[in-house]
Amino acid sequence: MYDWIARLTSNEQKLARIEHTLGFVPLWLLKAVCDFVSFAGYGALRNRFLRRVEHNIADLLVDMPKRAMNTILRNYVKNIVYTLFEILFLTNRLKKLQAHQFDVQGEEHLEEAQNRSKEKGFIVYSPHVGNFFYYYWYLTRKFDCMTVASAGSPELRPLYMKFAAMGCKGLDYDSVPPLELYRTLKKHLQGGGVVFLLGDFWRASFPKSRFFGRLTRTPEGAAMLALELRIPIVPFYGHRVRGFNHRLVFGSPVDLHVEHSGRIARAESNLLLNGFMEKVIREQPDSWFYWFNVHERWEESQLANADQTTSSEAG
């Protein structure tokens, strides 16, 4: 996946020229181009890349009918194609697009969260679904907003820089020390700012938790901040409805109330947040970005691979 993105983002000057030229092309024609690329991409990727995606979907979403699986795979490819196209070539039209192509539901929950947090801010929490770049940009139009991303890799950096130039502030998971990261987000929330956190990142250094019933590692930053500052979390997800149209869904603010404290409280709260992400992914399976490599996250599979390696070496 990242190799393909690198091929698209390696020449920023060329991308800028293409974006300028496409600015004169009507959206219906650009949609036709994306549909064609999606169709061709589905056929080209069917043997290797999509075989892994299909295996991962079947592994987590059991009893998936073949017809439903094929629909998910086609829409998965289509969302990736459309999302990359939107980020690379349509960001200069974003202000005009949002009025007509963003169907926003539950926006009153943002105001509710703001009222409940009093003088502090609140957290908007989501998995990587739909065009999460667009959704964060939408929040930055309404609030003093900050996010955490993974912009250190050279192939992704041009994508993040496009949105940084539009006023979307972010901290990098992989270059900012964890303590500094936490303190910056905490200060931002204490000052009344909003933090948009994507909870399905994976790093080997994250605490152990469970996701889809599997032992894995997920970030606890949202739980830590919400518990320490006593601020609400607004569950959110977005997904592509058709073409360049998106639906943004904000849920009721959640206060994390747990019986324990400290590390146990964070772990319990994190399980609640993971459960929300699971629900979103089950409802919008073709919108989730990480189907291509989710198999690399499970602690059980890593232990099994290690055991097999040890056994073969012993033999």
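A rounded overall shape is assigned to region 144-284, the ratio a/c of its alpha-carbon gyration tensor axes (a ≥ b ≥ c) being less than 1.5. Peptides 130-140, 164-174, ordered by how many other C-beta atoms sit within 10 Å of their residues on average, highest first, read 130-140, 164-174. A crude spin-label estimate for the pair LYS31 and ASN47, with each label 7 Å from Cα along the Cβ direction, gives 3.4 nm. Cα centroids of region 10-60 and region 226-282: how far apart, whole angstrom? If we compute the Cα centre of each part, the gap is 30 Å.
Quick one: Cα convex hull volume of the chain, Å³ per residue? Could you put the intermediate results ahead of the total?
Numbers: hull volume 49.9 nm³, N = 315.
Spelled out: Cα convex hull of the chain, divided by residues, is 158 Å³.
A helix-only calculation puts the chain at -17000 deg cm²/dmol for mean residue ellipticity at 222 nm, using -39500 (n - 2.57) for each DSSP H run of at least four residues, averaged over all residues.
With protein chains left intact and a 1.4 Å probe, residues in region 1-147 average 54 Å² of accessible area per residue. Ignoring lysines fewer than eight residues from LYS187 along the same chain, the ones with Cα atoms less than 30 angstrom from its Cα are LYS95, LYS118, LYS120, LYS142, LYS162, LYS169, LYS208.
Legend: residues THR21, THR218, sorted from most to least accessible area (1.4 Å probe; ligands, DNA and RNA excluded), read THR21, THR218. For LYS66, a cut-off of 26 angstrom between C-alpha atoms picks up these lysines, skipping any fewer than 8 places away in its own chain: LYS78, LYS279. Between ARG210 and ALA68, what's the calculated FRET efficiency when r is the beta-carbon distance and R0 is 25 Å? Round to 0.05. E between ARG210 and ALA68, to the nearest 0.05, is 0.45.
When the solvent-accessible surface of protein heavy atoms is calculated with a 1.4 angstrom probe, in what order do ASP63, ASP103 fall, highest first? Before the final figure, lay out the partial values.
Values: ASP63 145, ASP103 60 Å².
Ranked from most to least accessible, the order is ASP63, ASP103.
Region 132-207 and region 66-89 have their alpha-carbon centroids 24 Å apart.
With an 8 Å Cα cut-off and a minimum separation of 6 or more residues, compute the relative contact order for the chain in percent. RCO, the chain: 24 percent.
Note on the chain: GNM, Cα springs under 10 Å; of ARG17, ARG214, ARG203, the largest mean-square fluctuation is that of ARG17. Mean-square fluctuations from a GNM of the chain, with a 10 angstrom spring cutoff on Cα atoms, peak among SER126, SER38, SER150 at SER150. Helices assigned as whole DSSP H runs in the chain whose Cα atoms extend at least 27 Å along their own long axis and whose mean Kyte-Doolittle hydropathy is 0.0 or higher are found at 66-89.
The values are calculated or read from the model by the stated rules, or taken from the named source; none is laboratory data. The model shown is predicted, which means the values in this text are computed figures rather than measured ones. Every residue, glycine as well, gets a Cβ built from its backbone with ideal geometry; the counts of neighbours run over all protein chains shown. Ligands, DNA and RNA are excluded from the accessible area calculation, which covers all protein heavy atoms including side chains. Shrake-Rupley method; radii C 1.70, N 1.55, O 1.52, S 1.80 Å.
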